[in-house]
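For reference, the structure is listed below as structure tokens.
The values are calculated or read from the model by the stated rules, or taken from the named source; none is laboratory data. As the structure is a prediction and not an experimental result, all values here were calculated from the model. A quick note on method: Cβ atoms are made from the backbone with ideal geometry, for glycine too, and the neighbour counts reach across all protein chains shown.
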Amino acid sequence: MTDVLLVGAPNSGKSALFNRLTGLKHKVANYPGITIDVGKGCLSSNPQVTLWDFPGTYSLNPVSAEEQVAIANLRSALQEPQDALVAMVLDATRLEKGLTYCLQVARDAAIAGKAFVVFLNMMDLIESDALELDVSGLSVALGVPVYPVSARTGAGVAEAVRGIQQAGLGVAPWADTPDALITGTAQQIGERFAPAGDLLVRRQARLDQWLLGTVSGGLAFVIIMTLFFQAIFTWAAPLMDGVEALVIAMGSTVASVMPEGVVADFVNDAIFGGLGAFLVFVPLVFILTLIIGALEDSGYLARAALICHRPLSVFGLSGKSFVPLLSGVACAIPAIYAARTLSSMQERLLTYVAIPLMPCSARLPVYALLIAILIPNETALGGLIGWQGLVMSGIYFFGITTALTVAALVGRMSNEDRTGQPFILELPAYRLPVTRTIVKTALNRAGHFVQKAGSVIFAVTVVVWILGYFPNGGQDLSSSWLASIGRFIEPVFSPLGLDWRYGVAIIASFLAREVFVGTLGTIFGIESADEDPAPLADQMAASGLTVASGTALVVFFTIALQCVSTVALLAREAKSARFAVALMAGYLVLAWVAAFGVYQLAGVLLS
């Protein structure tokens, strides 16, 4: 046996078990439909064994296009000639949910001559609730080995690994069973062996009564989302201060031991002025991912999708679009992938339209920088609520509102049939988030964010530094190559109250939004190279950035589609380069017009 095909229903803990077996970092969440692609990894205890994590489906009868692809891939893998074992992951607390799919796959595996076993997951919940489940009897009824495991705690995993690696595992006795008989048999087995008492209802009823109530549910949603944004900005301040102090200390130390000249200027201005200004905001990305991970792991994310279904349906979307849209708060790339789970192509395209307007983490450094300039760093309620955090919440809600409004307008202009599949959503059991897992995921996401953006930011920073340093050795920025380029494009941005420096940073940020901060850090660092270093925000404020122009810049960045990676992925997923380019151009025009309107309005109100 060289391959293990890991299959199961959504939210059965399949990907969590895959991670436990391989030590990889495949996406895991307490939400149906999170796994999008087939994961691949080697068994930790035996690198000769390859595990394949297939997307979760409820049966071999697909409903969505994504399920069709997942099932086609599974059936293709079953027909491969190499020796393989099919491992079905069942949720022990909701045994009846996956049994039909289990028997269907067991039948197809038997026809293909593949051995079949069952991993009975979430046994830790069975034990914690003092419930009984006859594992040996279930094994006899299914005719295959059944291994009780817990992907969360690791209990039983070692025994299961030893079991699947032993010789003599056979095929399931279901090769000649028709679908009609499989459905009835699965129901009988579920009724006989499911744990006594309704574990799901007992765990969920009391919390759902409040969290899904007509009034209390909406109130809870607003409170949770407000705390979410406060955590991103106000509570992340100590981490940001720590990173900032570290960067400043490193810059000062390095600069003090280097002789004056081009190299010293490059290190001080390009490295610590550009990359340093960006690294300060990495804790915000970490906090963002941490909170989203906690919402996913706890089971609340699915409830939020249910709460959002009715308001989202007004905009031509469904509650299932909530997950891609919320993922867009972290990054548009995984959000676009997550939209694959939507059943209707029309709804998928509308979600693609909305995702670029979601306030992603790449915009976060820009927002944080501008808020630090425009809003005083004061708090209320004993420091729990900060004015800067409230403004950040307002920016996020503005971006979300704009995204939904544009999606609704595009949907109403379309002549295509917008009738999709019925909205059916499984509500997972409430669970305490596993701290180690979500912290590890947040660290990985922050590291990936730095790794992905770091090379681009460094390249742009070096180019900006060279253009600004030459031909006069950084003595006069206004006569540099960079100033010449900035002045050439300045007429585009001057109606927004922005000079050539911001124009250069905006153009550079098309490679990656977060480059904006690094570019400005380099520009302002060069400008003050002969003086004591000061925070970038203070330098921008001192340069004459007004409240009106700063607000216009926030609006521009909220709407503009300034990410080449997002445009490229949209073209691939929508199967239309024209769609992606038109979306980018349309949002750029809309961003400029909206920013100009805000600049004029702010000028009138503040005059």
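How about segment 513-557: which of its residues are among the small types (Gly, Ala, Ser) and either crowded, with 23+ Cβ neighbours inside 10 Å or at pLDDT 70 or above (or both)?
Within segment 513-557, GLY518, GLY521, GLY525, SER543, GLY544, ALA548, SER549, GLY550, ALA552 qualify.
Checking the condition touching a strand residue (DSSP E or B) at 6+ places or on another chain (Cβ under 9 Å) and not in a loop (DSSP other than H, G, I, E, B), which residue from SER136, SER150 passes?
Exactly one of SER136, SER150 is touching a strand residue (DSSP E or B) at 6+ places or on another chain (Cβ under 9 Å) and not in a loop (DSSP other than H, G, I, E, B), namely SER136.
What residue, among those in segment 570-592 that are crowded, with 19+ Cβ neighbours inside 10 Å and not small (Gly, Ala, Ser), is modelled with the lowest pLDDT?
Top of the filtered list is LEU570.
Could you tell me which numbered condition THR437 fails, if it satisfies all but one of (1) touching an Asp or Glu at 6+ places or on another chain (Cβ under 8 Å); (2) modelled with pLDDT of 75 or more; (3) part of a helix (DSSP H, G or I)?
Among (1) touching an Asp or Glu at 6+ places or on another chain (Cβ under 8 Å); (2) modelled with pLDDT of 75 or more; (3) part of a helix (DSSP H, G or I), the lone unmet condition for THR437 is (2).
Can you work out which of the residues in segment 60-80 that are of a type in the set (S, T, N, Q) and under 27 Å from the mean Cα position of the chain (by Cα) is farthest from GLY113 (Cα to Cα)?
Here the answer is SER64.
In segment 558-588, which residues are among the hydroxyl-bearing types (Ser, Thr, Tyr) and either over 21 Å from GLY399 (Cβ atoms) or in contact with a strand residue (DSSP E or B) (Cβ under 6 Å, 6 or more places away or on another chain) (or both)?
The answer is SER576, and nothing else.
If you check LEU142 against the conditions, is it touching a Phe, Trp or Tyr at 6+ places or on another chain (Cβ under 8 Å), modelled with pLDDT of 85 or more and surrounded by 15 or more Cβ atoms within 10 Å (Cβ to Cβ)?
When the stated conditions are applied, LEU142 does not pass them.
Sort through PRO356, PRO365, PRO334 and tell me the only one that's at pLDDT below 75, of a type outside the set (Gly, Ala, Ser), under 24 Å from the mean Cα position of the chain (by Cα) and assigned to a helix (DSSP H, G or I).
PRO334 is the lone residue from the list that is at pLDDT below 75, of a type outside the set (Gly, Ala, Ser), under 24 Å from the mean Cα position of the chain (by Cα) and assigned to a helix (DSSP H, G or I).
Under the condition of being modelled with pLDDT of 85 or more and within 27 Å of the chain's Cα centre (by Cα), which residue from segment 42-54 is nearest to GLU67 (Cα to Cα)?
Per the stated criteria, the residue is PHE54.
Can you tell me which residue is nearest to GLU296 (Cα to Cα) among those in segment 6-23 that are of a type in the set (Ser, Thr, Tyr) and assigned to a helix (DSSP H, G or I)?
SER15
What is the residue count in segment 493-509 for residues that are of a type outside the set (A, V, I, L, M) and part of a loop (DSSP other than H, G, I, E, B)?
Counting residues in segment 493-509 that are of a type outside the set (A, V, I, L, M) and part of a loop (DSSP other than H, G, I, E, B) gives 3.
Residue check: is VAL161 modelled with pLDDT of 80 or more, assigned by TED's automatic domain parsing to the domain that holds VAL49 and touching a Ser or Thr at 6+ places or on another chain (Cβ under 9 Å)?
yes
Hey, THR419 hits all of (1) assigned to a loop (DSSP other than H, G, I, E, B); (2) modelled with pLDDT of 70 or more; (3) surrounded by fewer than 13 Cβ atoms within 10 Å (Cβ to Cβ) but one; which does it fall short on?
Failed condition: (2).
Which ones in segment 81-131 are within 29 Å of the chain's Cα centre (by Cα) and either without any contact (Cβ under 8 Å) to a residue 40 or more places away in the chain or part of a strand (DSSP E or B) (or both)?
ALA87, MET88, VAL89, LEU90, ASP91, PHE119, LEU120, ASN121, MET123, ASP124
Report, by residue number, each residue of segment 118-132 that is farther than 14 Å from ARG431 by Cα and modelled with pLDDT of 85 or more.
VAL118, PHE119, LEU120, ASN121
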